[in-house]
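Okay, structure first, notes after.
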Amino acid sequence: TANREKYRPTYHFSPLYGWMNDPNGMVYKDGEYHLFYQYNPYGSQWGNLSWGHAITKDLVNWKHLPVAIAPDALGTIFSGSAVVDYDNTAGFGAGAIVAIYTQSSDRQVQSIAYSTDNGRSFTKYENNPVLVSEVCDFRDPKVFWHAETHRWIMVLAVGQEMQIFSSPNLKDWTFESRFGEGQGAHGGVWECPDLFELPVEGTNDKKWVLLCNLNPGGPFGGSATQYFVGSFNGKEFVNESPSKTKWMDWGKDHYATVTWSDAPDNRRIAIAWMSNWQYANDVPTSQYRSPNSVPRDLSLFAADGEIYLKSAPSPELLKLRDISKKRSFKVSGTRTVKEMIPGNEGAYEIELTIKNQHADIIGFRLYNDKGEEVDMQYDMKENKFSMDRRKSGDVSFNENFPTLTWTAIESGRNELKLRLFVDKSSVEAFGDGGRFAMTNQVFPLEPYCHIGFYSKGGSYKVDSFVVYRLKP
Ligand code: FRU
């Protein structure tokens, strides 16, 4: 019923029925972006892991397809990636989509399966598994073609490190190197790697980025995505700032982030699972659990002698914009906008440009008539942006859910730009074109239809406040 489905997002991907965790096998071919995902077709809690499947031509309209890869005698189907084998290196046919995934039983092994009909059906390789070990956490292969050395590279999460393997044919794998000791955060096991090259904005430089999902040990507890920036020569990844931990998203619900292979126009597009292992099995939905983040285009930028990853909402999201309302005003004390947008059913985007006029706190809260709210603040003294969901609605299902998340922002800022994507049960904030991202789930009784701006210790000008209703 409508009520039971009240938390289901309208423009984020969610499974029709059942449990979902990590995005898997993301690959683009012949005009279609494939999304596979960790899926339990038989229930809305983790278990019976298979690869669910969906495709999209535009990153915002999704088509559900049947389960692509189901468990067999080697185990359930854990996370992994997919490639298009244009040169037929594996002998499954030129242009076959080859999935490389972990199978989990009393041990974890890597297997492959191929599709010669653009992912509509998969055949498992008869000599699976293709890579085994005695180590218990040995999973989540990310495979890509390394043109310079003319071979396939696999990055694998092994305990608290990443291991790199190479192969001429996707079947025979050779160990190359390991990465991890003394690098970044180690509060938990490393999972779901990704490795790709990106240009650094405003330079002719290119750098390699290693995505490293971590559980637990995230900045606010539980799971989160860290990354490393450096070089890769086909054998070894070298982190150029070993003493620094970099987080990709500063909310609590952004995990298992990986990117599409072979995306057009050299784009590097990421998607995350919008939950956290601390409470993923407990969130108050029953028909499905849980959705993905909006797609994000990744790029690199330099600040204070460091290179950071920028996550900007993918431009296709602009297609969702329906009616909009634009306002501008000064905030000195409080200023309430009762009706953000007519017909607000909880799926909207807010675009804000704020000019500070010596305020210490630039705040705004999304709220409903049930006394529930998500409070966001720029603290201009502490140079922080924060999002507080402690009174956002149902927070009682797990003690780790009610949280305030925050991130540092550059000091001395005069102009602040923020985009917020709200979709029934989530709020994703993107500051300064994606220089920071913050993703949090919320479970309000009814949509947040109002916004209340407030200032402390001075005033500020809302140069532009635009609300767009977003189409499903
Ligand atoms: C990450 C993860 C992966 C594993 C999968 C199992 O969320 O733990 O390491 O392959 O989920 O569902």
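Every number in this text was worked out from the coordinates using simple rules, so none of it is lab data. Given the structure is predicted, the values throughout are model-derived calculations rather than measurements. Don't worry about glycine lacking a Cβ; one is built from the backbone with ideal geometry, like all the others, and counts go over all protein chains shown.
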Check: How long is region 283-441 along each principal axis, judged by its Cα atoms, biggest number first, in Å?
Finding: 47, 36, 36
Next item on the list: Rounded to the nearest Å, what's the spacing between the alpha carbon centres of region 226-296 and region 1-40? Just the number, please.
Entry: 16
Checklist line | For the chain, with +1 on Lys and Arg beta carbons and -1 on Asp and Glu, the positive-most of Leu418, His254, Ala70 along the dipole | finding: Leu418
Checklist line | Separation of the Asp87 and Asn169 label points, Cα + 7 Å toward Cβ, nm | finding: 1.4
Next item on the list: Using only Cα positions of region 1-56, each an equal point scatterer, no hydration layer, compute I(q)/I(0) via Debye at q = 0.13, 0.30, 0.31 Å⁻¹ and quote the log10 values to two decimals.
Entry: -0.37, -1.18, -1.20
Notebook entry, point to check: Along the positive direction of the dipole of region 18-313 (beta-carbon charges: Lys, Arg +1; Asp, Glu -1; about the Cα centre), which of Phe175, Ser231, Gly91 reaches farthest?
Noted result: Gly91
Next item on the list: Quote the charge dipole size of region 18-313 about the Cα centre in Debye, to the nearest 20; the model charges only the Cβ of Lys and Arg (+1) and of Asp and Glu (-1).
Entry: 400
Note to self: Please enumerate, by chain and number, the aspartates and glutamates with C-alpha under 20 Å from the C-alpha of Lys355, excluding those fewer than 8 residues away in the same chain.
What the structure shows: Asp375, Asp379, Glu382, Glu410, Glu415, Asp432, Asp463
Next item on the list: For Lys319, list the aspartates and glutamates whose Cα falls under 17 Å from its own Cα; do not include residues on the same chain fewer than 8 positions away.
Entry: Asp58, Asp297, Glu349, Glu351, Asp423
Notebook entry, point to check: Taking 0.36 nm per intervening residue step and subtracting the Cα-Cα distance, what contour gain separates Arg267 from Thr203 on full extension?
Noted result: 21.3 nm
Next item on the list: Just grab the label-to-label distance for Asp117 and Lys384, each label 7 Å out from Cα along the Cβ direction, in nm (one decimal).
Entry: 5.5
Margin query: Please compute the length gained on full extension between His358 and Lys330, using 0.36 nm multiplied by the number of residues separating them and subtracting their Cα-Cα distance.
Written below: 8.8 nm
Notebook entry, point to check: Over 31 Å between Cα atoms, which of Lys63/Lys370; Lys63/Lys142; Lys244/Lys391; Lys246/Lys370 qualify?
Noted result: Lys63/Lys370; Lys244/Lys391; Lys246/Lys370
Next item on the list: Please turn the phi angles of region 36-43 into ³J(HN,Hα) values with the Karplus equation 6.51 cos²θ - 1.76 cosθ + 1.60 (θ = phi - 60°), one per residue in order, whole Hz, x for glycine and proline.
Entry: 9, 7, 5, 9, 9, x, 10, x
Check: Which residues in region 275-291 have a backbone N closer than 19 Å to a point placed 7 Å from the Cα of His64 along the Cα-to-Cβ line?
Finding: 284-291
Next item on the list: Could you tell me the distance between the Cα centroids of region 85-133 and region 366-428, to the nearest Å?
Entry: 42
Notebook entry, point to check: How large is log10 I(q)/I(0) at q = 0.09, 0.10, 0.14 Å⁻¹ when the Debye formula is applied to the Cα atoms of the chain, each weighted equally and without solvent?
Noted result: -0.58, -0.72, -1.37
Next item on the list: Putting +1 on Lys and Arg Cβ atoms and -1 on Asp and Glu Cβ atoms, find which of Pro315, Ser392, Asn292 reaches farthest to the positive end of the dipole of the chain.
Entry: Ser392
